Amino acid sequence: MIDGVSLNSTREISRQFDSINPFNIERVEVLSGATALFGAGASGGIINIITKKGESGELGVEARIGGVSGFNSSEDLTKQAAVAISGGNDTVAGRLSVAYEGKGAAFDGDGSMIMPDITQTDMQFNDAVDVMGNLEFNFDEQQSLSLTAQYYDSQQDTEYGAYLGPNLAGIMGFPEFIEIRKGLKLDEQPSTKRTFVNAQYKHDDVLSHALLAQLYYRAKS
């Protein structure tokens with residue numbers, strides 16, 4: 001989940017964590033035990049990702065740029081860049097961020113490239129952009145409203161694929177013919193696009209009880 005909103009989808013296992021850039025994560029909560037509140041797949045507990053929020057104070061800027069490489073080749077470089085502005089006062093505070101990550105190839109312990117999956121079930125040769133905004137309203141000491149919106153675009157961009165050998169010999173009992181080759185051309189590269197809007201209202205004293213109301217919209221393609 002992200003801020004209490006389920007990420008369950010038809011690509012449930014392999015793609016859930018490709019939904020947010022770590023730059024926008026404040027902390028991760030692990031809630032163990034069975035729960036009916038969050039539906040199917042939650043019998044063993046849930047993982048809830050809490051996003052960064054704006055804080056009262058002067059306008060501030062947070063930026064990050066970096067890269068990761070195993071020094072196997074120029075293909076294994078992962079590029080990262082992100083920037084966020086935040087600020088506000090005791091009544092309203094906000095944060096707006098843009099984060100990019102471009103991943104290269106993965107290599108095994110022998111320095112050989114791992115076979116990329118051109119259906120985007122792995123994260124090799126993948127570019128992802130995460131745009132997220134948040135507003136926090138504190139009406140008084142007991143009432144608050146949180147609004148969060150996100151657009152996440154993750155697209156594969158690879159020229160590598162599996163060569164299955166002459167006459168598909170690699171899948172006909174001769175796996176030694178299977179190898180990675182450059183030159184893959186696809187009419188359309190696999191991608192995942194996600195739109196997320198979340199509103200949470202909290203009142204700490206409603207008939208001596210706390211009230212938490214949530215309304216969200218989520219779409220993925």
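A short reminder: the numbers here are calculations on the coordinates, not readings from a lab. Computed from a predicted model, the values in this text were never measured in an experiment. In this analysis, Cβ positions are derived from the backbone assuming ideal geometry, glycine residues included, and neighbour counts consider all displayed protein chains.
Figures for the structure shown
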{"item": "Distance in nm between pseudo-label sites at ASN89 and ASP122 (7 Å out along the Cβ direction from Cα)", "result": "5.4 nm"}
{"item": "Positive dipole terminus of the chain, leading residue within SER73, GLY60, TYR151 (C-beta point charges)", "result": "TYR151"}
{"item": "Gained length - TYR216 relative to ILE171, 0.36 nm times residue gap less alpha-carbon distance", "result": "11.6 nm"}
{"item": "Value at 222 nm in deg cm²/dmol, rounded to 500, when DSSP H runs of n ≥ 4 in the chain each add -39,500 (n - 2.57)", "result": "-500 deg cm²/dmol"}
{"item": "Dipole of the chain, positive end: most advanced residue of GLN120, ASN134, ASN21 [Cβ charges, Cα centre]", "result": "GLN120"}
{"item": "Cα-based reach from LYS220 at 19 Å (exclusive), listing lysines while leaving out same-chain residues under 8 positions away", "result": "LYS193"}
{"item": "Value of relative contact order over segment 55-180, rounded to a whole percent, pairs C-alpha under 8 Å and six or more apart", "result": "18 percent"}
{"item": "Net lengthening on full extension, ALA199/LEU59 (0.36 nm per residue, minus Cα-Cα)", "result": "48.1 nm"}
{"item": "Rg/Rg_globular for segment 156-200, with Rg_globular taken as 2.2 N^0.38 Å and Rg from C-alpha atoms", "result": "1.90"}
{"item": "Relative packing of 212-221, 80-89, 125-134, which averages over residues the other C-beta atoms within 10 Å, highest first", "result": "125-134, 80-89, 212-221"}
{"item": "From phi via Karplus (6.51, -1.76, 1.60), per-residue ³J(HN,Hα) for segment 72-82 in Hz, x at Gly/Pro", "result": "7, 6, 5, 7, 9, 7, 9, 10, 9, 8, 7"}
{"item": "Spherically averaged projected area in nm², based on the convex hull that wraps the Cα atoms of the chain", "result": "16.2 nm²"}
{"item": "Rg to Rh quotient for segment 90-147, alpha carbon positions, Kirkwood Rh", "result": "1.35"}
{"item": "Relative contact order for the chain, counting Cα pairs under 8 Å that sit 6 or more residues apart, in percent", "result": "14 percent"}
{"item": "Gain in span if fully extended, LEU186 to GLU29, counting 0.36 nm per residue against the direct Cα distance", "result": "52.6 nm"}
